[in-house]
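Structure, as structure tokens:
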Amino acid sequence: MPALHLVDSLYAWFMAAICFWIQIWAAIIFRSAGVLLVGLVSTFRVSREQAAWPFEICSSITLAQGKSFLVGILVRYFDTRALNAGATLLASVSAIACFIWNTPRAYIIFIGLGFGAGVGIMVPTNVVVLNRYFDVYRTSASGLSFAGGALSSILLPPLIGRLLDTYGLQGTVLIVGALVLNAMAGSVALRSSPSFPRPPHQHVFSTTDTRCSSSENSQNKNPVSDLLVWDSGIVLSALPSCSSEPRRRRHRGMFSFFRYPMFVPLMATGVVYGYAFSTYLITIVDHAVGAARASNEDGAVLVSVMAIGDFLSRLGTGYITDRHYITREWMLIMNFTLQGVCYLLLANLATVANMAVVGLVFGLNNGGTIASMPVLLADYLGDEHLPLTFGMHRLTMGMATLARPLLIGYFKDKQGSYNGLYYLVAAACAAVAILWCIIVTADSIKGLILGRPAHENDLAMPT
């Protein structure tokens, strides 16, 4: 039976706190990948390319599964408590299995496939729980849950670095498996079935409902849509309202966005962002160990410093762009430009202190991109296509980074440093910044020709 009195209640905030707790432990492998990569290299004497594969596979599996219709179906028919508890157990057992079968292949199977599959269920089930328990305070609840991953980035990499220095890789993964079980304490309290606290069809969005008909809302509100959009901390109430332009686009085909001129630039932007962000996470500790003679623990500080800037930027970007101090497009240009500069600097610095300053700047320019992407996808490709376009954006981002171990192997294993990789990522960031400068300029020229202000939704659309 639905329990609508629990929506936006104190108990709902308890659920948000539980999601926050679960997110901390779900992010432990991905956010500590750079530290663990160093452990794999030193323990098994493998190349960086081989050591990077478990983390790339884990990330890709998480992105692919977290955006799949399979998870949407599961959360529609099964209680999220059971799903999250099972996923937590899978992730924990996968980490512990690497302690038992301590081989490079075991890490690919258990960390890459097993842990990735577990987290791929844990994260979207949290999204659906918040969707069912919150109406008015959805954005605040999402922010609270989202902060768990950021806190994980700040606290856990230095801890993992110290564990590696003290117990070695085998002992560290055993402790990681035990730490992941902390999420089980939250999972057993994570109550949300398809009819509790409210049926899926009773979603109310305070911003969009006042501007869209109930029939339009009912078409867009489903667990798959929710988990696609909420994953980045952006909720539908923060997206553009249902203006007349999106209404006209609704009559186009479900996959008509493939014909829109902005589809390829947006997907390319996501791919470059995926490389820029995760390349830092995976390589920065090893780079600091080699270039600055840092310990694992000191190198892990670079991940935490970046995470602080990342967290602040994700919170602040929406405030800045929503109040029109700067457009999302120019924010994107600024972010990619400065991230490219950061990579150029990282390739030429030799002290952890200087790298930490650059890492903070990198983080401050990282969160804005992922926070803006759902809104840009809705602006340019239509808000009615957002569940598909955002899912494709994230999936493309995850699949493209599968080529990174080959790049790591070429530059670090054969060339002796990550400098070449950093220059390559910097060039890609510069290319995206230039691309968006061209897009903004073309949009402005079009606005002048048509005699009206340029708007992000006004790029030419196929007829």
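Scanning segment 8-43 for residues being touching a Phe, Trp or Tyr at 6+ places or on another chain (Cβ under 6 Å) and farther than 30 Å from D298 by Cα gives a total of 3.
Within segment 307-353, the set of residues being in contact with a Phe, Trp or Tyr (Cβ under 7 Å, 6 or more places away or on another chain), over 20 Å from S417 (Cβ atoms) and either crowded, with 21+ Cβ neighbours inside 10 Å or polar (S, T, N, Q) (or both) comprises just one member, L332. Residues in segment 170-191 that are buried (at least 24 other Cβ atoms within 10 Å of the Cβ), among the hydrophobic types (A, V, I, L, M, F, W, C) and over 27 Å from F14 (Cα atoms): V173 only. Total residues in segment 257-301 satisfying the condition of being part of a helix (DSSP H, G or I) and free of Cβ contacts under 8 Å to residues at least 60 places away in the same chain: the figure is 2.
Where helices (runs of 4 or more DSSP H) fall wholly inside segment 1-53, the ranges with 3 or more residues that are modelled with pLDDT under 90, surrounded by fewer than 19 Cβ atoms within 10 Å (Cβ to Cβ) and assigned by TED's automatic domain parsing to the domain that holds L130 are 10-26.
Any idea which of A307, A356 is in contact with a helix residue (DSSP H, G or I) (Cβ under 7 Å, 6 or more places away or on another chain), touching a residue at least 60 places away in the same chain (Cβ under 8 Å) and among the small types (G, A, S)? Testing whether each residue is in contact with a helix residue (DSSP H, G or I) (Cβ under 7 Å, 6 or more places away or on another chain), touching a residue at least 60 places away in the same chain (Cβ under 8 Å) and among the small types (G, A, S) leaves just A307.
Report whether or not A403 is surrounded by fewer than 17 Cβ atoms within 10 Å (Cβ to Cβ), more than 16 Å from the chain's Cα centre (by Cα) and touching a residue at least 60 places away in the same chain (Cβ under 8 Å). It is false that A403 is surrounded by fewer than 17 Cβ atoms within 10 Å (Cβ to Cβ), more than 16 Å from the chain's Cα centre (by Cα) and touching a residue at least 60 places away in the same chain (Cβ under 8 Å).
Looking across I109, I96, I100, one residue alone is surrounded by fewer than 24 Cβ atoms within 10 Å (Cβ to Cβ), without any contact (Cβ under 8 Å) to a residue 60 or more places away in the chain and under 13 Å from V173 (Cα atoms). It is I100.
The values are calculated or read from the model by the stated rules, or taken from the named source; none is laboratory data. These numbers come from a predicted model, not from an experiment. Neighbour counts are summed over all protein chains in view; Cβ atoms, including those assigned to glycine, are modelled from backbone coordinates with ideal geometry.
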